[in-house]
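First up is the structure itself, then whatever we jot down about it.
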Ligand SMILES: Nc1ncnc2c1ncn2[C@@H]1O[C@H](COP(=O)(O)OP(=O)(O)O)[C@@H](O)[C@H]1O
Ligand SMILES: [Mg+2]
């Protein structure tokens, strides 16, 4: 029995077709994965189902009856609940307030908070979704916030739960807990649609999987009858190498040395404590850790975005701790920032301008205080070709490119300066499998050319396959370091959660 | 010296401050509602002015001051509805629209005064609101000054402020308003009608500011004069921020500003050898100092001034 049936759904934004005649049937009580690369149209399809977008064509059937869903309110009434990729929570309100908003229990004209609290507690007990109903949402962890989102749906008596890339923000441990919750929900008869682009998760949690590619449905298959390799092929449309191969390291002189870096962040008190490590020419040092454990601060300190730290940073033997960003860039430090749209690019500038950011006042791009557009255009043509940036041309606005191509713009610009150290922070975040493969190749090529790479990433697979050595950050401290081969994925997960046994694995880090 | 202080800081000064705080506190509460729903309302100044004018207009033609008050609220709400239409429906820049509203209100009231009463300076006298004395409270020691021969609008303001606090923090509508100003998309996804909330809040802020304006022209005086609001809308905005987008806080801040104002007037009356202009600066100086401090600690609604993206696209 199909609880949800989407028939022939199409939706376009401007002249890009996000959903192209998609059919989807979800059975009652199953966990159904919606698998696809970034930009495949998964979120769009589910937003149509949830009444946030209206489809250009096609119909929706819930429990066999055709319905028109014009607003989330209607979707909720039909028993749908959606947990969005970006949480829909208000930080300064409490867990209970966030859950009951829009459907508040009342006493007279006032909200009955006690009753709301009671209902939330009842739900947390039933589904083992432990969270403190009186806490402010901004004070609880990301994993707990996600549970609040699930509770919001359950409070509204959702029978069909849609989760949009729920694991993107979770630690491996939290992911495990989420999967346990999902199985519990399934046992109690709920239907779950699980959006992801991760093959491993699809294999682990789903009963059936529907693959989308470029806005089209490729196939629906039973998970037990498929393999990660087949899923990758269906998702990307060609054979994909899931793990890159790399040559043995040819390590040279020390490029970067961090010496007891300590950084206090007044606002939310995040800090780095006594960080010491070195990066040699020809090696990739990976920084593992759950977001918010000091990675961003580290990125900012090395690139010079923030400077008021204690401790010292040496680049090729020189103390650069007090150097400006520009001085560091000119000395040979390249930067792929973790937040590419805020710090790496100016989204509403075109490609050629973005490609000279940081060099715009310099020869040959500027002469006597005026920009030389001929040179600038030539430069962008070279980079577009070399890095295979998919675009309509050097005049295209960067905001109109896909995530992967935006990332290539940054990488192209940074590598063009021929840096000796590149700080790559979350270089493949929100980038599709094909582009990930390419970016990985580029980073390895830098390594082969004898440059140093500081790779900050939340993706364990990426860290394990690219880096020569690893440090693990937890609450601003290095809790473990060593050669990558000495870590297993499970062990890393525990360390990142501040649990496993840390220390230095054989092999030099200092 | 002590006598001088006693002359300045006493219950009568406080009573004067409470009266002067009335239009400020009402408009500040309007600001709280509008901004809690995510809309910056710089137009409070113009809405107060509109209210003051409409109040006199109503009283002039009907001889009934209460009808004037009603008209002031309707005019304030109506102008605010226009502002809401531009900022919410057409997504005009809220700051520009607010300043535009102020200029419109100033121009329109000045022009209408000329047309109706042939005067550039002020309107003829109209029937103002009669002062009242509350039977029991008016006999209490100390606090009786607040309840004897008091303008009914001062008392109404106190009730409105308390009701406003309940509305914002204890009722379902209040929770939805707060959610809208912080995270409109979140509100949208739980089925809250974000647009309706925003329209309600902006129009409500106009009604409140209009009521504040009516106090100026019918409670405090009984005529209208050009640019009668004299910057009170901006003071109210400041009081709202200082009061942390909370009607009670806005009231307390308004009281502080007005108290300084009242002290300033007393000082002027004493013929000290200080230039009056310097003394008159006091309330504004305090506003700046207080705001500089408050802005550092304050936490505006997260989505304040941003256009709502809810709904289809
Ligand atoms: N609100 C929008 N406006 C314009 N284009 C959009 C919008 N939402 C999605 N798109 C485009 O539609 C395509 C599918 O996006 P999306 O559904 O978010 O993919 P997925 O969730 O699979 O990563 C992308 O090319 C994206 O750029
Ligand atoms: Mg998506």
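Readers should treat all values here as calculations from the given coordinates under stated rules, not as data from a laboratory. Model, not experiment: these values are computed from the prediction. Virtual Cβ from ideal backbone geometry, glycine too; neighbours counted across all protein chains shown.
Values for this structure:
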item	result
Gyration tensor verdict on the range B:109-208 (Cα atoms; rounded if a/c is under 1.5, prolate if a/b is larger than b/c, oblate otherwise)	oblate
Where N is the number of residues in the range A:361-476, Cα Rg divided by 2.2 N^0.38 Å	1.20
4 °C / 1.567 mPa s Stokes-Einstein diffusion coefficient of the protein assembly as shown, Kirkwood radius on C-alpha pairs, µm²/s	42 µm²/s
Rg to Rh quotient for the range B:18-59, alpha carbon positions, Kirkwood Rh	1.04
Hydrodynamic radius of chain B per Kirkwood, over alpha carbon pairs, in Å	19.9 Å
Modelled FRET efficiency - R0 56 Å, residue A:107 with residue B:114, Cβ distances, 0.05 increments	0.55
Rg(Cα) / (2.2 N^0.38 Å) computed for the range A:1-146, rounded to two decimals	1.22
Ranked B:126, A:423, A:433, criterion: other C-beta atoms within 10 Å, fewest first	A:433, B:126, A:423
For the range A:113-130 versus the range B:234-252, the gap between their alpha-carbon centres in whole angstrom	36 Å
Rg followed by Dmax, in Å, when the range B:196-313 is reduced to its Cα trace	17.6, 66
Residue of B:109, B:189, B:260 that the Gaussian network model of chain B assigns the largest fluctuation, springs spanning Cα pairs under 10 Å	B:189
Residue-averaged 222 nm ellipticity for chain B, from DSSP H runs of 4+ at -39500 (n - 2.57), nearest 500	-22500 deg cm²/dmol
Whole-Å distance, taken between Cα centres, linking the range B:131-170 and the range A:167-221	60 Å
0 to 90° range, to nearest 10: angle between helix B:194-214 axis and chain B longest Cα axis	10 degrees
Helical contribution to [θ] at 222 nm, DSSP H n ≥ 4, -39,500 (n - 2.57), averaged over chain A, rounded to 500	-9000 deg cm²/dmol
Under the Debye formula (equal points on every Cα, no solvent term), log10 I(q)/I(0) of the range B:72-122 at q = 0.24 Å⁻¹	-0.89
Spatial separation of Cα centroids for the range A:82-97 and the range A:47-81, in angstrom	22 Å
Burial ordering of A:126, A:171, B:180, fewest other beta-carbon atoms within 10 Å first	A:126, A:171, B:180
